[in-house]
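So the structure is just underneath, and the comments pick up after that.
The values are calculated or read from the model by the stated rules, or taken from the named source; none is laboratory data. For clarity, every value in this text was computed on a predicted model and none was experimentally measured. With ideal geometry, Cβ positions are generated from the backbone for all residues, glycine too; neighbour counts draw on all protein chains shown.
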Amino acid sequence: MKKKENLALHGGTPIRDSYLPYGKQWIDDEDIKAVIDVLKSDFITTGPTITQFEKAIAEFVEAKYAVAFSSGTAALHAACFAAGIKENDEVITTSMTFAASSNCILYVGGTPVFADIDPKTYNISPQSIKSHINEKTKAIITVDFTGQPAEYDEIKSLAKEHGIVVIDDAAHGLGATYKEKYIGSIGDMTIFSFHPVKHITTGEGGIITTNNEDYHEKLLLFRSHGITRDSLKLKDNQGPWYYEMQELGFNYRMTDIQAALGLSQLKKLNPFLKKRREYAKKYSEAFADMNAVITPYQQDAANSSWHLYIIRLKLEKLNADRTEIFKALQKENIGVNVHYIPVHLHPFYQQLGYKTGLCPNAERIYEEIITLPLFPKMSEQDQNDVIAGVKKVITYYATD
Ligand SMILES: *Cc1c(COP(=O)(O)O)cnc(C)c1O
């Protein structure tokens, strides 16, 4: 008989004393100094640090332009504007994502169309995209889910064939590569987020990278009320004070305070990525021999940036459902999470008419996934605790 350990859920001793979150920022003294320096300078917003940060990100991902925003969500909204998405336009995206990837389509009056995911990679399936393309399709919003790039060769060739814009929601994908090329200039526009759980942080913040000059100009306008002071772009010029509002934009600007933090954080992106990749590899090795656990499948073409590490449960080999196992892991003080509740299942989308059953793969896999803690600042001991906790809980519920 296999030894069954006493779960914390049933009153046993937890694997860890303190709760380990699933993700967290890493801010050091150098970051703090960079922020203080800007606070003491002349510009805390619309200043030179924004431009420096944009330039540094564009260089890192090898794109021509970058435009910083107040959040990744604001950046997604701006990308939909720049792509010219309007009422009666359809935009194909994945349901296995954070709601913002799809909400941005609604912000500009477009209609989200949910393609199903590939059950191996959990990324948007090119075949499913193809089946949803029609004359109303204006754009595809891909998500590089968990940091693994979507299948861009196929997606881009579909887009080219039908004259569709590819917007890459790469909130998970900073530093990832697809066929040796950085995520950042593969799609027509690529969005990154600097929320504290993402690869580098600015508190809140986002950025769009693109090689397209026209998009770049539209994004700059949209970020700042649709207003321009550029004398070359003015339709009229009534004097030195003159500016024009040419589009209905927003105030979606990032501050120089945030940009300073971002610039300083960017210096650490490579070591952060290295840690994430090491931890992901160690998880996959540790769980390789567990019959009830599926570790993340990686395409050869992809080098993931490992924003998230997700295990999938083989429920037929377990005497419990995901909820029970999730609760048991939480009680062991492991900060598990679920990424994501399929967007079309949220009450808001259901009320718009999206039905359960629309994306069978996403819906099934949603019932089986658990996100484990993964962030550069966690220690090797923290990771060993997670591995021991997962083994303890899964062994307890395993049928064989
Ligand atoms: C984090 C995230 C966003 C939103 O970014 P914010 O900066 O929090 O607005 C959008 N899409 C995905 C897939 C994300 O993970």
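What to note about this one:
- Among the residues listed as Glu161, Glu154, the single one being more than 12 Å from the ligand (Cβ to nearest atom), in a helix (DSSP H, G or I), in contact with a Pro (Cβ under 6 Å, 6 or more places away or on another chain) and farther than 28 Å from Tyr22 by Cβ: Glu154
- Whenever a residue of the stretch 344-363 is free of Cβ contacts under 8 Å to residues at least 60 places away in the same chain, its partners that are assigned to a helix (DSSP H, G or I) and acidic (Asp, Glu), lying with C-beta atoms within less than 8 angstrom and at least six residues away or across chains, give the pairs Thr356/Glu363; Gly357/Glu363.
- Positions within the stretch 157-188 being within 21 Å of Lys268 (Cα to Cα) and either outside the structural domain of Ala79 (by TED's automatic domain parsing) or among the small types (Gly, Ala, Ser) (or both), in sequence order: Ala170, Ala171, Gly173, Gly175, Ala176, Gly184
- The requirement of being buried (at least 24 other Cβ atoms within 10 Å of the Cβ) and closer than 27 Å to Val166 by Cβ is fulfilled nowhere in the stretch 33-52; no residue meets it.
- For the stretch 48-78, a residue qualifies if it is among the hydroxyl-bearing types (Ser, Thr, Tyr), within 17 Å of Ala170 (Cβ to Cβ) and within 14 Å of the ligand (Cβ to nearest atom), and the qualifying residues are Ser71, Thr73.
- Residue in the stretch 165-197 that is farthest from the ligand (Cβ to nearest atom), counting only those that are surrounded by fewer than 22 Cβ atoms within 10 Å (Cβ to Cβ) and outside any strand (DSSP E or B): Glu180
- Residues located in the stretch 198-211, provided they are closer than 17 Å to Ala78 by Cβ and within 16 Å of the ligand (Cβ to nearest atom): Thr202, Glu204, Gly205, Gly206, Ile207, Ile208, Thr209
This table checks each residue for (1) of a type in the set (Ser, Thr, Tyr); (2) in a helix (DSSP H, G or I); (3) surrounded by 20 or more Cβ atoms within 10 Å (Cβ to Cβ); (4) within 16 Å of the ligand (Cβ to nearest atom).
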position	(1), (2), (3), (4)
Trp306	no, no, yes, yes
Ile310	no, no, yes, yes
Glu316	no, yes, no, no
Ile325	no, yes, yes, no
Gln330	no, yes, no, no
Asn361	no, yes, no, no
Ile370	no, no, yes, no
Lys377	no, no, no, no
Asn384	no, yes, no, no
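- Within the set Tyr19, Tyr65, the sole residue that is surrounded by fewer than 17 Cβ atoms within 10 Å (Cβ to Cβ), touching a residue at least 24 places away in the same chain (Cβ under 8 Å) and more than 30 Å from His344 (Cβ to Cβ) turns out to be Tyr19.
- You will find that of Phe81, Phe98, the residue that is over 17 Å from the mean Cα position of the chain (by Cα), of a type in the set (Phe, Trp, Tyr) and either assigned by TED's automatic domain parsing to the domain that holds Phe192 or within 11 Å of the ligand (Cβ to nearest atom) (or both) is Phe81 and no other.
- Cβ-Cβ under 7 Å pairs, at least 6 apart or on other chains, the stretch 295-313 side among the basic types (Lys, Arg), far side not in a loop (DSSP other than H, G, I, E, B): Arg312/Ile294; Arg312/Ile365; Arg312/Ile369
- Out of Lys317, Lys327, Lys391, sole residue that is among the basic types (Lys, Arg), touching a helix residue (DSSP H, G or I) at 6+ places or on another chain (Cβ under 7 Å) and modelled with pLDDT of 95 or more: Lys327
- Condition broken by Gln298, with the remaining ones in (1) in a loop (DSSP other than H, G, I, E, B); (2) in contact with a helix residue (DSSP H, G or I) (Cβ under 8 Å, 6 or more places away or on another chain) satisfied: (2)
- Any hit, the stretch 203-214, residues being modelled with pLDDT of 95 or more, of a type in the set (Val, Ile, Thr) and not in a strand (DSSP E or B): no
- Only a single criterion out of (1) free of Cβ contacts under 8 Å to residues at least 24 places away in the same chain; (2) under 23 Å from Gln148 (Cα atoms); (3) among the β-branched types (Val, Ile, Thr) is not satisfied by Thr97, namely (1).
- Flag if Thr142 is in a helix (DSSP H, G or I), within 16 Å of the ligand (Cβ to nearest atom) and under 12 Å from the mean Cα position of the chain (by Cα): no
- Residues considered: Asp214, Asp236, Asp230, Asp256. Of these, the only one that is surrounded by 17 or more Cβ atoms within 10 Å (Cβ to Cβ), more than 16 Å from the ligand (Cβ to nearest atom) and acidic (Asp, Glu) is Asp256.
- The numbered conditions (1) surrounded by fewer than 21 Cβ atoms within 10 Å (Cβ to Cβ); (2) on the phi > 0 side of the Ramachandran plot are all true for Arg277 except (2).
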